[in-house]
Amino acid sequence: MDWLSAIPQFHIGAGGVLEVTTANETDFWRETQYGFIKDDGHAFLADAPLEFTLTVTLRGDFAELYDHAGLMLRASETEWLKFGVEFVGVLQWSAVMTHGKSDWSVQPAPQAPEYAFRMIRRGDAVIMHARDTASRRWVLQRVAYFDPSRDARAGVMACSPKREGFHVAFREFKLEPPDLRTLHDLVED
């Protein structure tokens, strides 16, 4: 694994916990609504197989508008997705899919100290789930198209578009074979 963008501070501690602190005004976005391209967010990525399940648990000091952290799948600067939790006045589940231009969706997230995220890439789909760690049921966030033949890198990401110094701790990062259960059976562990 390596960093997509330079990060001012990170540390891998006991139990493999990855702690990061973001640089100033970092993000991933392409054009839609705002008219700009940002490709300087922090992402710790590994080469991934064409099909996989990726999970992580995180906690962060979400305080400023658009602070966000979670998982990323990236084929190129114009083909990627990110999803996680984002501060938009309150904490929201957030997903951005980019095929040339970005689209963004949010929905209310429970207020919790930690969140878990799961991304399953299989066939032409990426299935995204989230939950607070007090729950054992995954909440479907999105099913998105991703070219099934396209090589990509996967891992964790953190961005702070309005500040520097956003702190996030990632733990229990796992890249495993794809979960092949039906979509509706995926709500259970």
### Summary
Subset of the range 1-11, residues touching an Asp or Glu at 6+ places or on another chain (Cβ under 8 Å) and under 19 Å from T57 (Cα atoms), comes to F10, H11
### Query
Counting only residues that are touching a Phe, Trp or Tyr at 6+ places or on another chain (Cβ under 8 Å) and not in a strand (DSSP E or B), which one in the range 167-189 is nearest to L81 (Cα to Cα)?
P178
## Note on the structure
Of the candidates I12, I7, the one satisfying the condition of being without any contact (Cβ under 8 Å) to a residue 40 or more places away in the chain, loosely packed, with under 14 Cβ neighbours inside 10 Å and more than 17 Å from A154 (Cβ to Cβ) is I12
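Quick grid of which residues meet (1) closer than 25 Å to D185 by Cα; (2) part of a loop (DSSP other than H, G, I, E, B); (3) of a type in the set (V, I, T); (4) more than 14 Å from the chain's Cα centre (by Cα):
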position: A112; (1), (2), (3), (4): yes, yes, no, yes
position: M119; (1), (2), (3), (4): yes, no, no, no
position: A130; (1), (2), (3), (4): yes, no, no, no
position: A134; (1), (2), (3), (4): yes, yes, no, yes
position: R137; (1), (2), (3), (4): yes, yes, no, yes
position: P148; (1), (2), (3), (4): yes, yes, no, yes
position: R153; (1), (2), (3), (4): no, no, no, no
position: G165; (1), (2), (3), (4): no, yes, no, yes
## Note on the structure
Note on the range 167-189: residues among the hydrophobic types (A, V, I, L, M, F, W, C) and over 19 Å from the mean Cα position of the chain (by Cα) are L180, L183
### Task
Considering only the range 15-33, state which residues are farther than 11 Å from M157 by Cβ and surrounded by 12 or more Cβ atoms within 10 Å (Cβ to Cβ).
V17, L18, E19, T21, A23, N24, E25, W29, R30, E31, T32
### Only one of E64, E77 that is surrounded by 14 or more Cβ atoms within 10 Å (Cβ to Cβ) and either among the acidic types (D, E) or over 23 Å from R163 (Cβ atoms) (or both)
E64
### Query
Does T57 fit the bill of being out of contact with any His (no Cβ under 6 Å at 6 or more places or on another chain), among the polar types (S, T, N, Q), surrounded by 17 or more Cβ atoms within 10 Å (Cβ to Cβ) and within 17 Å of V143 (Cβ to Cβ)?
no
### Query
Among the listed residues R131, R142, R121, which satisfies the condition of being surrounded by 15 or more Cβ atoms within 10 Å (Cβ to Cβ), touching a residue at least 40 places away in the same chain (Cβ under 8 Å), over 21 Å from D47 (Cβ atoms) and in contact with a strand residue (DSSP E or B) (Cβ under 9 Å, 6 or more places away or on another chain)?
R142
### Query
If you check S105 against the conditions, is it in a loop (DSSP other than H, G, I, E, B) and either without any contact (Cβ under 8 Å) to a residue 12 or more places away in the chain or surrounded by fewer than 22 Cβ atoms within 10 Å (Cβ to Cβ) (or both)?
no
### Query
Scanning the range 83-102 for residues that are over 16 Å from the mean Cα position of the chain (by Cα) and within 25 Å of A48 (Cβ to Cβ), which turns out surrounded by the fewest Cβ atoms within 10 Å (Cβ to Cβ)?
G100
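No value in this document is a laboratory result; all are computed from the given coordinates. Because the structure is predicted, anything quoted here is derived from the model rather than measured. We place every Cβ from the backbone using ideal geometry, glycine too, and count neighbours over all the protein chains shown.
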